[in-house]
Amino acid sequence: MEPSPYVDSFYARTRADDRRWPALSGTVEADTCIVGGGLAGLNLALELAGRGRRVVLLEAQRVGWGASGRNGGFVGPGYSLGARRILDRVGPDDARRLYGLTVEAVATIHRRIAQFAIPCGPVVRGILKAGLAEEGPGLQRDIDFMAGQFGVETLEHWPAERVRSVLATDRYSDAILQNGSVHLHSLNYARGIAAAASAAGAAIHEGSAATGHALDGPVKEVRTAAGRVRAREVVFACGGYVGMLHTRLSMATVPVATYVMLTEPLGDRLAGVIGVPHGVSDTRFCNDYYRPLADTRILWGGRVSTFHPPAVRIAAALRRDMLAVYPQLADVKVEVAWGGTMGYPMHKMPLIGQLSPGVWYCMGFGGHGMSATTAGAAVVAAGIADGDDRWRLFAPFGLAFTGGPLARPAAQTIYWGHKLRDGWRARGRPRAA
């Protein structure tokens, strides 16, 4: 099968190379077969190949084709499920261990960028999480909580005056500068991990959608249109594109779309609107997230939906969102807009574990995936190759049923409910400067 081209986006237009990997043909033997060529599968391939294991990775399209290569490019510790709720669910000790996995993952990302000379820069340090003006300052309590419960020392409180001195809007109150976070070129990063895994000995096959499998017995089999892989272990790392390949995993994942756009260059004008190089997000459930680029464009993302509207509608919706924060950009044009599908579990934690001996899953990173995929791959690889049991930290969350055929409409209804709540919170908001 000829893989689909990368969706038109900032990342696809500026990717560093166009290396391709061949489709699978015939029968091959492996220690581990990985299904899915996003960051979870690619990092897992790198981890296992680096341990000397024979790895075959199957990707239906091209490596990094899905959410891994279309997202906002934000990298930071944590999960989609907030730290307070994780602590409530598993207790302080395991909550710290879970959070620590993502701190280690951020360090791993920096190390791999340097080690493999991945051209995903500029890698810009710092992401601002801004509170809403109508709610008043209150983010210092979050800093105190993370310091007290998780030992986090990389968060810096910015009062409203400092926020407004660098962001030309009165949409926000105070903010947290997350010094342990960065933003980067996500597709180039994913492709760089693919190249590193390939160099370590992993066999990567693009245009090789898994069409079926036989998972019983000591040797498992995964089939594609033109071949099959026989392996001792199979890992499903399909994210939002699992479809009905495996019913139990499909029923634990909601495929949800989110959207991003790229403006035209603003030139010297950018510094008067966004006066810091940091990425920015806000505290709403349906939040905006955006970052200035080195060429003075703005990459702006937001919204969640189970629909897949055309690019022109995405551009119009996100442009409205941008002007609600920065109305002084009313004359700025959108150059390209795109959407992408992410796998979203009901509990908002990654799906990591074993279905049966030798059959693993590492997926469901929607909403906070750049570091969490690295963490998930590390614990699954250690479980497979070293007998390490850290992957069991994710067991309390499990494969929660998302609703089957009703999952998409239910998720859309929940999103609309959050939008109404966010709108209620924003009532009486002063107009942006």
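Within the bounds of segment 287-298, is there any residue that is aliphatic (A, V, I, L, M) and not in a strand (DSSP E or B)?
So far as segment 287-298 goes, yes, one or more of its residues are aliphatic (A, V, I, L, M) and not in a strand (DSSP E or B).
Condition first: more than 25 Å from the chain's Cα centre (by Cα), modelled with pLDDT of 95 or more and crowded, with 19+ Cβ neighbours inside 10 Å. Can you find one or more residues in segment 147-161 that meet it?
yes
Would you mention how many residues in segment 74-95 are over 16 Å from the mean Cα position of the chain (by Cα) and crowded, with 18+ Cβ neighbours inside 10 Å? Before the answer, list the steps.
Applying the first criterion (over 16 Å from the mean Cα position of the chain (by Cα)) to segment 74-95 yields 83-95.
Now drop any that are not crowded, with 18+ Cβ neighbours inside 10 Å, which leaves 83, 86-87, 90, 95.
Matching residues across segment 74-95 total 5.
Within the group Ala30, Ala67, Ala60, which residue is under 19 Å from His185 (Cβ atoms) and of a type in the set (A, V, I, L, M, F, W, C)? Outline the logic, then answer.
Numbers: Ala30 fails: under 19 Å from His185 (Cβ atoms); Ala60 fails: under 19 Å from His185 (Cβ atoms).
Just a single option satisfies the conditions, and that option is Ala67.
Would you call Thr102 β-branched (Val, Ile, Thr), in a loop (DSSP other than H, G, I, E, B), out of contact with any Leu (no Cβ under 9 Å at 6 or more places or on another chain) and crowded, with 18+ Cβ neighbours inside 10 Å?
For Thr102, the condition - β-branched (Val, Ile, Thr), in a loop (DSSP other than H, G, I, E, B), out of contact with any Leu (no Cβ under 9 Å at 6 or more places or on another chain) and crowded, with 18+ Cβ neighbours inside 10 Å - is not met.
For Gln61, state whether it is over 27 Å from Leu128 (Cα atoms), under 21 Å from the mean Cα position of the chain (by Cα) and among the polar types (S, T, N, Q).
On the way: over 27 Å from Leu128 (Cα atoms): yes; under 21 Å from the mean Cα position of the chain (by Cα): yes; among the polar types (S, T, N, Q): yes.
When the stated conditions are applied, Gln61 passes them.
Give the residues of segment 50-97 that are among the hydroxyl-bearing types (Ser, Thr, Tyr) and in a loop (DSSP other than H, G, I, E, B), sorted by residue number.
The initial filter retains those residues of segment 50-97 that are among the hydroxyl-bearing types (Ser, Thr, Tyr), namely 68, 79-80.
Tyr79, Ser80 - these are the residues of segment 50-97 that are among the hydroxyl-bearing types (Ser, Thr, Tyr) and in a loop (DSSP other than H, G, I, E, B).
Which members of segment 316-371 meet the condition of being in a loop (DSSP other than H, G, I, E, B) and crowded, with 24+ Cβ neighbours inside 10 Å? Reasoning before the result, please.
In the first step, residues of segment 316-371 are kept if they are in a loop (DSSP other than H, G, I, E, B); the result is 326, 330-333, 345-350, 357-358, 364-368.
Answer for segment 316-371, where residues must be in a loop (DSSP other than H, G, I, E, B) and crowded, with 24+ Cβ neighbours inside 10 Å: Met349, Pro350, Gly364, Phe365, Gly366.
Which residues, taken from segment 323-337, are of a type outside the set (A, V, I, L, M) and touching a strand residue (DSSP E or B) at 6+ places or on another chain (Cβ under 6 Å)? Don't jump to the end; show me each part of the working.
Step one: of segment 323-337, the residues of a type outside the set (A, V, I, L, M) are 326-328, 331, 333, 335.
Within segment 323-337, Glu335 is the sole residue that qualifies.
Show the residue pairs that are 6+ apart or on different chains and have beta-carbon atoms under 9 Å apart, the first residue being within segment 215-234 and assigned by TED's automatic domain parsing to the domain that holds Ala23, the second being at pLDDT below 95.
Every condition considered, the pairs that remain are Leu215/His246; Thr224/Met1; Ala225/Met1; Ala226/Met1.
Let me spell it out: the conditions are (1) within 27 Å of Ala324 (Cβ to Cβ); (2) in contact (Cβ under 8 Å) with a residue 12 or more places away in the chain; (3) surrounded by fewer than 16 Cβ atoms within 10 Å (Cβ to Cβ), and Ala130 meets all of them except one. Which number is the exception?
Failing condition for Ala130: (3).
Quick check: anything in segment 20-35 touching a residue at least 12 places away in the same chain (Cβ under 8 Å), in a helix (DSSP H, G or I) and of a type in the set (Ser, Thr, Tyr)?
no
Got a number for residues in segment 247-292 being farther than 15 Å from Tyr326 by Cα, surrounded by 21 or more Cβ atoms within 10 Å (Cβ to Cβ) and without any contact (Cβ under 8 Å) to a residue 40 or more places away in the chain?
Matching residues across segment 247-292 total 0.
May I ask you to list pairs of residues, at least six apart or on different chains, whose Cβ atoms are under 9 Å apart, with the first in segment 193-212 being of a type in the set (D, E, K, R) and the second being modelled with pLDDT under 95?
Glu206/Pro3
Yes/no matrix, rows are residues, columns are (1) at pLDDT below 95; (2) more than 17 Å from Gly240 (Cα to Cα); (3) over 20 Å from the mean Cα position of the chain (by Cα):
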| residue | (1), (2), (3) |
| --- | --- |
| Tyr6 | no, no, no |
| Phe10 | no, yes, no |
| Leu24 | no, yes, yes |
| Thr27 | no, yes, yes |
| Ala30 | no, yes, yes |
| Ala40 | no, no, no |
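The values are calculated or read from the model by the stated rules, or taken from the named source; none is laboratory data. This is a predicted model, so every value here is computed, not measured. Note that we place each Cβ from the backbone using ideal geometry, even for glycine, and neighbour counts take in every protein chain shown.
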